[in-house]
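Input: a single structure, listed below in structure tokens.
The values are calculated or read from the model by the stated rules, or taken from the named source; none is laboratory data. Small disclaimer: the values here were computed from a predicted structure and weren't measured. Cβ: placed from backbone, ideal geometry, glycine included. Neighbour counts: every protein chain shown. We work out accessible area using only protein heavy atoms, side chains counted, and drop any ligands, DNA or RNA first. Shrake-Rupley method; radii C 1.70, N 1.55, O 1.52, S 1.80 Å.
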Amino acid sequence: RSSDLNTSLQKKLHKLSKVSGRLGLLSSHDSLVLLKASCGAPKLKHTLRTSACAGNSLLSDIDTTLRGCLVTITNVQISDDQWRQATLPVKYGGLGIRSVTSIASSAFLASVSSTDQLQSLLLARCSFNTDDYQLNRIRTYWCVRYQPLQPPVGQIASKQSSWDKPYVDETFNSLLVAQHDDHGRARLLAASAAHSGDWLHALPLSACGLRLDDDAVRVAVGLRLGSNLCEQHVCPCGSNVDCRGTHGLSCKKINGKTARHAYINDIIHRALVKAGVSSVKEPSGLSRTDGKRPDGLTLVPWHAGRNVVWDVTVIDTLAASYLPSTSITACSAAEIAASRKEAKYVELSSTHTFVPIAIETLGPFSTKSLSFLQELGRRLARVTNDTRQSSFLFQRLSIAIQRFNAVCIAGTFGDS
């Protein structure tokens with residue numbers, strides 16, 4: 001009955017309101033993980049899948065509470081479009097905090113489809129009309145909403161992602177069209193690139209170096225959603241910094257970039273050693289034409305009898321010189337940086353396998369970086385007998401990028 005459903009949703013809303021106040025007492029990273037994984041849609045999953053909730057006004061109230069909780073946790077102002085992006089899955093550039101209003105119909109339709117055969121067997125001998133009014137209503141709503149697409153059938157119909165994908169695609173495309181400049185398009189494309197949102201999947205473990213402080217979470221969320229991070233001010237280099245604060249990611253006079261480079265290089269070196277591939281950082285006797293040494297060298301062959309030489313570079317996705325390309329194609333700045341590195345080490349490529357580790361400030365990796373890191377993850381999995389090692393490696397790198405993004409942006413404030 002609708003009254004019972006309203007009572008159940010009202011209780012969920014009351015509990016969420018109480019929890020949202022308590023999340024503000026925790027660190028931002030802890031609270032964000034709890035909000036994404038344990039509140040909102042995950043807490044309502046059973047209700048959404050077993051009841052025809054679509055269209056219920058209380059779902060909008062729950063979404064409003066989730067939005068307010070996200071603002072409180074991250075200390076970031078969020079517009080309507082930014083909230084729509086935040087509710088997308090992480091691989092589509094969102095924060096993974098799903099809107100219960102948007103997934104209510106897909107959750108119910110997927111649940112019914114998964115049990116359709118069993119229901120038919122149970123009701124085969126029933127003499128009364130077995131048509132499900134609520135199912136027909138929500139299916140009709142879905143068909144009208146996403147026409148001319150056909151509803152999923154067969155095995156995929158039991159997967160919620162199959163019913164949800166049209167909404168996700170439509171929302172992402174509309175957000176991309178709504179961006180009024182290259183900066184916004186480049187940001188959204190980078191946010192949806194592979195592994196750019198891995199920091200959102202990392203558990204905040206201080207012992208593993210995976211915990212972000214409150215300001216780093218604020219900057220990471222603000223950069224991903226395109227929110228304002230500061231007031232307009234003048235950088236120590238003399239350049240004007242706008243409200244988005246992204247000048248610090250490309251400013252040459254900001255401290256922290258050397259530490260970021262060394263930190264990322266250390267992550268890769270430790271991963272190689274853990275995988276049983278002996279390696280050394282900044283090998284002596286091995287340099288390019290200008291006398292500079294690469295970041296590392298494996299002491300044993302990596303592939304086809306050749307040792308790997310790697311060099312790390314972090315490039316700003318939103319730098320003015322890269323916006324013409326990053327606003328059209330995701331990861332293009334990383335690919336440009338990787339090509340430059342290969343040109344500098346062309347002589348070493350005749351005797352070694354050179355791998356440029358090119359990462360953008362908003363998270364995307366170059367193609368060759370991904371191939372190398374994925375292979376490194378597979379080797380780590382074989383040694384440790386843990387298939388999650390590849391995910392852990394990308395999470396450590398993603399956390400490192402977000403941590404030092406906050407350092408670079410704070411550097412634009414000068415002595416303060």
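Evaluate 2.2 N^0.38 Å with N set to the residue count of the chain, then give the Cα radius of gyration divided by it.
1.13
Could you state the per residue volume, in Å³, of the convex hull enclosing the Cα atoms of region 181-265?
Working: hull volume 10.6 nm³, N = 85.
About 124 Å³ per residue, rounded to a whole number.
So between S17 and T50, what do we pick up on full extension, going 0.36 nm a residue minus the alpha carbon distance?
Details: separation 33, 0.36 × 33 = 11.88 nm, distance 2.32 nm.
The span from S17 to T50 would gain 9.6 nm if fully extended.
Straight-line reach from K45: which lysines have a Cα under 20 Å away, not including same-chain ones fewer than 8 places off?
Excluding near neighbours in sequence, the set is K11, K12, K15, K18, K36, K159, K165.
Which residue, L58, P89, V71, has the largest displacement toward the positive end of the dipole of region 33-91 when charges sit on each Cβ (Lys, Arg +1; Asp, Glu -1)?
P89
Can you send over the carbon and sulfur percentage of the accessible area for region 134-233, probe radius 1.4 Å, protein chains only? The partial results should precede the final answer.
On the way: 2710 of 4920 Å².
After summing per-atom areas, the C and S share lands at 55 percent.
Return one number: the angle in degrees, 0 to 90 and rounded to the nearest 10, between the long axis of the Cα atoms of helix 367-384 and the longest principal axis of the Cα atoms of the chain.
80
For region 245-319, what relative contact order do you get, as a whole percent, if you take Cα pairs closer than 8 Å and at least 6 residues apart?
28
Normalised by the residues of the chain, what does the relative contact order come to in percent, with Cα pairs under 8 Å and at least six apart? Write out the running numbers ahead of the final one.
Details: 634 pairs, mean separation 68.8, N = 416.
Relative contact order comes out at 17 percent.
Excluding ligands, DNA and RNA, what is the solvent-accessible area per residue of the chain at a probe of 1.4 Å, expressed in Å²? Intermediate results must be reported in sequence, preceding the final value.
Values: 20200 Å² over 416 residues.
In whole numbers, the chain has 49 Å² accessible per residue.
For every other residue with a beta carbon closer than 14 angstrom to the beta carbon of S390, add +1 if it is Lys or Arg and -1 if Asp or Glu, then tell me the sum. Please list the in-between numbers first.
Working: positive: K274, R378, R379, R382, R388, R396; negative: D198, E375, D386.
Cβ neighbours under 14 Å give a net charge of +3.
Report the per residue volume, in Å³, of the convex hull enclosing the C-alpha atoms of region 1-110.
Residue-normalised Cα hull volume stands at 93 Å³.
What ranking do 207-218, 395-406, 365-376 get when scored by the average of other Cβ atoms within 10 Å per residue, highest first?
So the peptides 207-218, 395-406, 365-376, ranked by packing, come out 395-406, 365-376, 207-218.
Report, to one decimal in Å, the Kirkwood hydrodynamic radius for region 137-189 based on all distinct Cα pairs.
The answer is 12.8 Å.
How many nm is it between the label spots at A320 and N385, if each spot is 7 Å from the Cα in line with the beta carbon?
Between A320 and N385, the simple spin-label model gives 5.7 nm.
More than 19 angstrom separation, counting every C-alpha pair in region 64-176; what % is that?
Working: 3462 of 6328 pairs.
In whole percent, the share of Cα-Cα pairs in region 64-176 beyond 19 Å is 55.
What full-extension length gain, to one decimal in nm, is calculated for A178 and T72 as 0.36 nm per residue of separation minus the Cα-Cα distance?
Extra length available between A178 and T72 comes to 35.6 nm.
With the full set of protein chains in place, find how many percent of the accessible area of region 306-416 is carbon and sulfur; take the probe as 1.4 Å. Show your work: numbers first, answer last.
On the way: 2350 of 4350 Å².
Carbon and sulfur: 54 percent of the exposed surface of region 306-416.
Using a 7 Å offset from the Cα along the Cα-to-Cβ direction at both S161 and L135, what is the distance between the two label points in nm, to one decimal?
The answer from the label model is 2.5 nm.
Hey, can you rank 306-312, 10-16, 267-273 by average C-beta count inside 10 Å, highest first?
306-312, 267-273, 10-16
Over region 1-91, what percent of the accessible surface lies on carbon and sulfur atoms, probe 1.4 Å?
With neighbouring chains kept in place, the figure for region 1-91 is 51 percent.
State which entries of K253/K274; K257/K368; K252/K344 exceed 32 angstrom in Cα-Cα distance in the structure shown.
Values: K253/K274 35 Å; K257/K368 22 Å; K252/K344 21 Å.
Table pairs above 32 Å Cα-Cα are K253/K274.
Would you mind checking region 154-187 for residues with the amide N under 14 Å from a putative spin-label position 7 Å along Cα→C-beta of Q117?
Counting only backbone N, you get 154-159.
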